[in-house]
Structures are given as structure tokens and as C-alpha cells.
Amino acid sequence: MPDWIFSFDNVITIETHRSDTFTMECSSLLELDALTMVTPGDRIAVLSSGRSDDLQNLQGIDRRAYVLIGEWETHDVTFDMELNFDSANTGSIVLQKLWEGPEFKFYNGSHKEKFTTNYFEVRYAPMTKQPSEIWKSEDSMIIEISIDSGGMHRHSLSAPTPSGPYCDCDVDQVGRPSGWDFNDIWVDVVVILDTSEAMGEEALEDESFLNDGFHDLLITDVDASFYTRIGVIAMADTAKVLYNLNLTKTDTIRGKASIKKGIKEINVVDAFNAAQKMLTDGMKPDRENTRQVIYYMTNSNPKEDLSSLDQFKQSKGVIVVNNFRFGEGELPGLEALSSVGYYSVNSGYVTALQSFCK
């Protein structure tokens, strides 16, 4: 038996020999705030048993296993994966080998991975289904993970504790705010979602900043003392408004955006103009002193003259860029597009919220 079992099903059945007795503790929390601390030498199983009524499909909520090794102890980790997705499913298992590191997708078949880390995440990413379709899903997987119990590696892979140029927006070792609160963030933010071929379907499906439910951590109730307004624009050759500063906790972008074939990259200046128009048209007297944020989720390398964006950056505006690159080299134009200190690569919602704190 493994020391830890992560199941993406609502029901798990364990058969034992008649003479055996097992004592187990269980939890339904699969969240970053409740990450699991394991011990070197532990064995871990991550599984879904087929015909799953898994929570992710049923509720549309991201579910993954968050695993911390000791007190950020760095050890060799081995993954053995047997993945069998429904023939009508384009799902995958997504492995993140480092804290806020890049993500790697694995599809049908047998896979073996060995790497060195002190933290990893495993995410089940099935094709979205309607609740009425889940009963006939034949996804099944068994992932066996072993953590070497040998001596710790001496090189550091500790969790980042970034600090912004305007105020301290540190996070603790599990990514929670240290000295600040998500609920105190008060900004107007327009997210520009790149839907050109440069982004690609894989990256579009993986824009965890939105799908991880970052807006669940922000107050969007306009009657609250502090609240954030969130707009979303899908950008290809033209700008399509998905949410006009009115995205709330109950909203989603799933199914609302798709890659537009034939459009190689977006024009980042046109996208900026569309976002700035949304902010200008949505201005209200009580928001005059609100920090305005334009957040690019893109893999398009800017070729336009970006000088027209300088006035926005030098006033009360901030441009944040999350470069969703998958295997390509750096795109220097994107760092130039961002405000100083607001550029990241394949980052998750914690980094995004830190940028709003700043």
C-alpha cells in the first residue's frame, strides 16, 4: 500500500485480505492552502478509477495534488504513469516539477519521469463534459510516485519570496500572502487573452490564471468596501469583449474563447487600445484613484512601436505580461511591453495576485 493516495473520484474502494486491517485518514481538500507534506521515502499513488464522477468535471473546479517534500527538502522523485483516457477524450495529466515551474502534459500510454525537486503538483485535466455525460467516461489512470530517502541535495530549490518595487508583497512557503490580504486588493483589471495561433490550443486550455479561479480570491462585490472589477478581452485580429469589468466569482471563460486559425499573432497595441477603452468607458467617480491594470496572457512577440503605451505606464497604469510559452525561447518584446517588474513566464494565479498587490 502507498503511504498517500490522491483520488480524483468521489468514491474509492480498497479491497483487503480478510486478515488485514488498515487505518486511514482522509480529507477532501485538494487546495494549495492544504498542500500535503510528505516524508522522503514515502510512496504516493494518484489515481482515477474509470467512469469517474470526478469533482473537476462535475463542478468545473481545478483539482490537483499539491505535494511538499519535508520542509522544502530536495530529493530525487520517480513517476511511473499508466494513463488510459476515454477514446473520445483529449484529456491529459499535467505535471509541475517545481514551485511555479513549467507544466508538462502526458497523454495515453506509459510514461516514466525522474527529476529532483522539493515540491510538485499533479493535475487531472480531462476534456470538459456535461454532468449528464460523466457516467460514460472511461478515463482511468494509476500514477505511482516514489521519493528517494537518500541524503538531501545541497542545491537550493526553495520557494520564491518575491518583493515588489512599490510595497512588500511576499508569500510564505506555501504561497499564501505574507503581510497582505487578497481581499484588500482594489484594482480595475482588464485581462487580454491571446487567441491567435501564437498562443495555441494547449496554452489557451492551460491559462491557469483564469481557470484556477483567481477571481474567487478577489472581492468583486461592488457593495464591498474594497472590490476589484475584472474585464476579459479575447484578442485575435479583432478584440472580443467577454466580460466588461463585470467578471464575478460565478463566471467562467471556459467555452467562450478559441484559437482563430490564420491569425499568427496579435497586435499588442490594438489589444491595449481595446483594454484602455474599456477602462475609460467604465470610469466612475468612486474609481478615479483606482490602480488600472492591463494583464496580457500571450505568446505573441510584439513587433509594434510600444511608445504609445508609455503614458499609461507612467501614470496610474500597470501592464502585466504573462508569457505563455511552451518550449520556445524567450520573447524579449514581451518584457519590453510590460511595466518594470511585471513580466513572468508561465506563472500561476499567485504571481498574478502578487502583481496586483504591488
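The values are calculated or read from the model by the stated rules, or taken from the named source; none is laboratory data. Nothing here was measured: the structure is a model prediction, and the numbers come from that model. Don't worry about glycine lacking a Cβ; one is built from the backbone with ideal geometry, like all the others, and counts go over all protein chains shown. These area figures cover heavy atoms from the full protein model, side chains too; ligands, DNA and RNA do not enter into them. Shrake-Rupley method; radii C 1.70, N 1.55, O 1.52, S 1.80 Å.
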Q) Across the stretch 197-233, what is the total count of residues that are under 18 Å from residue 93 (Cα atoms), charged (D, E, K, R) and either at pLDDT 80 or above or not in a loop (DSSP other than H, G, I, E, B) (or both)? A) 3
Q | Some residue of the stretch 315-324 being part of a loop (DSSP other than H, G, I, E, B) and either touching a residue at least 12 places away in the same chain (Cβ under 8 Å) or among the basic types (Lys, Arg) (or both) | A | yes
Q.
With the requirement that a residue be in contact (Cβ under 8 Å) with a residue 12 or more places away in the chain, among the charged types (D, E, K, R) and closer than 25 Å to residue 315 by Cα, what does the stretch 237-280 give you?
A. 270
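When you check residue 264 against the structure, is it out of contact with any strand residue (DSSP E or B) (no Cβ under 7 Å at 6 or more places or on another chain) and over 14 Å from residue 192 (Cα atoms), yes or no?
Values: out of contact with any strand residue (DSSP E or B) (no Cβ under 7 Å at 6 or more places or on another chain): yes; over 14 Å from residue 192 (Cα atoms): yes.
Judged against the criteria, residue 264 is a match.
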Q. Among 344, 300, 339, 307, which is open to solvent by 20 Å² or more (accessible area, probe 1.4 Å), modelled with pLDDT of 85 or more and not acidic (Asp, Glu)?
A. 307
**Q.** Members of the stretch 1-12 found to be open to solvent by 90 Å² or more (accessible area, probe 1.4 Å) and modelled with pLDDT under 70, listed by number
**A.** 11
Q: Kindly indicate the residue of the stretch 34-89 that is hydroxyl-bearing (Ser, Thr, Tyr) and surrounded by fewer than 21 Cβ atoms within 10 Å (Cβ to Cβ) and also modelled with the lowest pLDDT among those meeting that condition.
A: 49
